[in-house]
Amino acid sequence: MGEMDVEPLKYGACLDPELLHLAEVSPLALKENPQIAEQLYSQWLSLPETVRLVKSLMDDAKEGMPLNFSNSVGTNAATGNALPSMFPAGSAPPLSPRSSSGSPRFMKRGLGAGPSSLGSPLKLVTEPEKEVIPQFYFRNGRPLPKELKRQSLEIIAQIFSGKLEGLQIHVTKEICKLPTFFSSVLFRKIDADGTGFVKRDAFVAYWMNSNMMTMDTAAQIFNILKHSDRSYLIQEDFKPILRELLATHPGLEFLQGTPEFQDRYAETVIYRIFYYVNRSGNGHLTLRELKRGNLIAAMQHADEEEDINKVLRYFSYEHFYVIYCKFWELDTDHDFLIDKENLIKYGNHALTYRVVERIFAEVPRSFTSKVEGKMGYEDFVYFILAEEDKSSEPSLEFKCIDLDGNGIITPAEIQFFYEEQLHRMECMTQEPVLFEDILCQIVDMVAPENETHFTLSDIKACKLSGNVFNILFNLNKFMAFEARDPFLIRQERENPTLTQWDHFARREYIRLSMEEDGEDASNGSGDVWEESVEAPF
């Protein structure tokens, strides 16, 4: 019994102090000999290093400093590998397959983990500064830059200088950079009370403080023309600027003695604008449509060009002359209405009866004449623009051929219209072209996604869509296409920027003007083609 009591002491007394630095002691040994833990603790307290550590910690505690165990832990960790192992060489058990370098415990305590091994693994993350995004949407337009505002105010001050009652002249071109024929409508927009004068403060409030100056030109024109309670433009909104254009443009001075033709010219320009720009066809021209069209560029061109006939888009007087005279030729009783019998004579009886029936059934577009079975002047303008330039907006012709209105054109519908063309060719002793051949030719020209039918998208994507419609209901143009008229081909090559309508209007204007002057139309070629013929009005 005595030997058993002394044995643990002997075991603890003979322990080498260096062996007390073991990283860990077997739990089984401590369980069988609990006195070993006490002996080990006593031995550890007697070590010089421990005495220095405890003394240092006590001094820190007295001074109120936080306790820091990093030095002791780091020392043990650093010297742990240099201490002798408690296992004989070569008898150590193998380590776990997961090395210490890959252990999550060591990874958390790795680089930058902090000074304390007992600390939280959560890192203090500094929240990044929030990036301030400048405002990019302004409902009423972007505010005017300070420098531009200063320069504009200086110009305005010079213009209004010495005119205490305000201006009767207009500043449309100098400050607003708008066409000069917008002066009257802009003046009335600012002078809402109708005083006849525009004062400096009123102009600045409308043009600058309401952000009109920072809008693009299309938005400026849209807001100037439209009525305050509408979000779109109607035909009436364009009449004031057309009246001023007629009164001030040098190329239209000759019309000042004929008010009737001034009105017809203004109406024709407006109808052309809505035909090309108002793609929805509802008579409500939106800002989106205005921006997508070429009307703004045409207005600026008309303001800068003295020869109005060079402004081919919308404003050309020659184009108006052709449209009006063609209508007057068909309107034999001059009641400003034409019926089916009148329209069938168009282009020297070029159209088929079947397509004329479809037009007067108001399938492609409802008439504005409000007289049953009669087409008014506005309706005729839409008709002649669609007929003479089929590539510009083919939806009207598409609706004519789409008999059942299902949005596709089938071979049966094509055959329905071509049958009359075939019959007319036979009556004219022309060699007929079989429908099967025509259908193959149309498929080759259009190249539809599905060869069993044609969609409006197929037609719009085809550069030769006008020839497709000519084959079906305009015999004269169909025959010219088959014969490949070299005169027309030369025209197109010489002026590739001109549209089919531009070529047609030029030819017809020369013919009509020659007839008006009593000259032979056959002389309207060569040098005459290049000359500017004075309008008969």
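Miscellaneous remarks
- Applying the criterion of being surrounded by 16 or more Cβ atoms within 10 Å (Cβ to Cβ) and modelled with pLDDT of 90 or more to the residues of region 356-368, the residue that is nearest to the chain's Cα centre (by Cα) is F367.
- When P432, P448 are checked against the criterion of being in a loop (DSSP other than H, G, I, E, B), crowded, with 17+ Cβ neighbours inside 10 Å and free of Cβ contacts under 8 Å to residues at least 12 places away in the same chain, a single residue qualifies: P448.
- Matching residues, region 334-387, being hydroxyl-bearing (S, T, Y), part of a helix (DSSP H, G or I) and under 23 Å from I273 (Cα atoms): Y377, Y382
- Region 396-409, residues that are modelled with pLDDT of 85 or more and either open to solvent by 40 Å² or more (accessible area, probe 1.4 Å) or part of a helix (DSSP H, G or I) (or both): K399, C400, I401, L403, D404, G405, N406, I408
- In region 214-240, the residues that are open to solvent by 40 Å² or more (accessible area, probe 1.4 Å), touching a residue at least 12 places away in the same chain (Cβ under 8 Å) and part of a helix (DSSP H, G or I): T214, T217, Q235, K239
- On inspection, Y353 does not qualify as modelled with pLDDT of 90 or more and surrounded by 20 or more Cβ atoms within 10 Å (Cβ to Cβ).
- From the options E253, E236, E244, residue that is modelled with pLDDT of 85 or more, closer than 16 Å to M299 by Cα and among the acidic types (D, E): E244
- Filter pass, E419 being under 12 Å from L472 (Cα atoms), of a type in the set (D, E, K, R), open to solvent by 70 Å² or more (accessible area, probe 1.4 Å) and out of contact with any helix residue (DSSP H, G or I) (no Cβ under 6 Å at 6 or more places or on another chain): yes
- If you filter region 157-188 down to residues that are under 23 Å from F222 (Cβ atoms) and either more than 33 Å from the chain's Cα centre (by Cα) or open to solvent by 70 Å² or more (accessible area, probe 1.4 Å) (or both), you find that the one that is modelled with the lowest pLDDT is H170.
- L312 being out of contact with any Ser or Thr (no Cβ under 7 Å at 6 or more places or on another chain), assigned to a loop (DSSP other than H, G, I, E, B) and either more than 30 Å from S231 (Cα to Cα) or open to solvent by 20 Å² or more (accessible area, probe 1.4 Å) (or both): yes
- Any hit, region 285-299, residues being over 18 Å from F181 (Cα atoms) and acidic (D, E): yes
- Candidate set from region 327-350 (those that are closer than 22 Å to S513 by Cβ and open to solvent by 20 Å² or more (accessible area, probe 1.4 Å)); member that is nearest to the chain's Cα centre (by Cα): G347
- In region 256-268, the qualifying residues are those that are without any contact (Cβ under 8 Å) to a residue 40 or more places away in the chain and in a helix (DSSP H, G or I), and the one that is farthest from Y377 (Cα to Cα) is P259.
Conditions (1) loosely packed, with under 15 Cβ neighbours inside 10 Å; (2) modelled with pLDDT under 90; (3) farther than 29 Å from S457 by Cβ; (4) not hydrophobic (A, V, I, L, M, F, W, C), marked per residue:
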residue	(1), (2), (3), (4)
Y382	no, no, no, yes
K390	no, yes, no, yes
P394	no, yes, no, yes
A412	yes, no, no, no
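- Only listed residue being outside any loop (DSSP other than H, G, I, E, B), of a type in the set (F, W, Y), in contact (Cβ under 8 Å) with a residue 24 or more places away in the chain and open to solvent by 10 Å² or more (accessible area, probe 1.4 Å), chosen from Y206, Y271: Y271
Every residue, every condition in (1) in contact with a helix residue (DSSP H, G or I) (Cβ under 7 Å, 6 or more places away or on another chain); (2) under 29 Å from F380 (Cα atoms); (3) among the basic types (K, R), yes or no:
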{"site": "P179", "(1), (2), (3)": "yes, no, no"}
{"site": "S183", "(1), (2), (3)": "yes, no, no"}
{"site": "F187", "(1), (2), (3)": "no, no, no"}
{"site": "D201", "(1), (2), (3)": "no, no, no"}
{"site": "S228", "(1), (2), (3)": "no, no, no"}
{"site": "F238", "(1), (2), (3)": "yes, yes, no"}
{"site": "T248", "(1), (2), (3)": "yes, yes, no"}
{"site": "G251", "(1), (2), (3)": "yes, yes, no"}
{"site": "F254", "(1), (2), (3)": "no, yes, no"}
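- Pairs linking a residue in region 290-314 that is touching a residue at least 40 places away in the same chain (Cβ under 8 Å) to a residue that is outside any helix (DSSP H, G or I) and polar (S, T, N, Q), with Cβ atoms under 6 Å and 6 or more positions apart or on different chains, are N309/S316.
Residue by residue, here is whether (1) among the acidic types (D, E); (2) over 36 Å from the mean Cα position of the chain (by Cα) holds:
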{"residue": "Y382", "(1), (2)": "no, no"}
{"residue": "K390", "(1), (2)": "no, no"}
{"residue": "E397", "(1), (2)": "yes, no"}
{"residue": "I401", "(1), (2)": "no, no"}
{"residue": "Q421", "(1), (2)": "no, yes"}
{"residue": "M425", "(1), (2)": "no, yes"}
{"residue": "P432", "(1), (2)": "no, yes"}
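- Tabulated pairs, region 398-416, first among the acidic types (D, E), second in a helix (DSSP H, G or I), C-beta under 8 angstrom, 6+ apart or interchain: D402/E413; D404/E413; E413/I401
The values are calculated or read from the model by the stated rules, or taken from the named source; none is laboratory data. Worth saying up front: this structure is predicted, and the values here are computed from it rather than measured. Don't worry about glycine lacking a Cβ; one is built from the backbone with ideal geometry, like all the others, and counts go over all protein chains shown. Ligands, DNA and RNA are stripped out before the accessible areas are found, and what is left, the full protein with its side chains, is counted by its heavy atoms. Shrake-Rupley method; radii C 1.70, N 1.55, O 1.52, S 1.80 Å.
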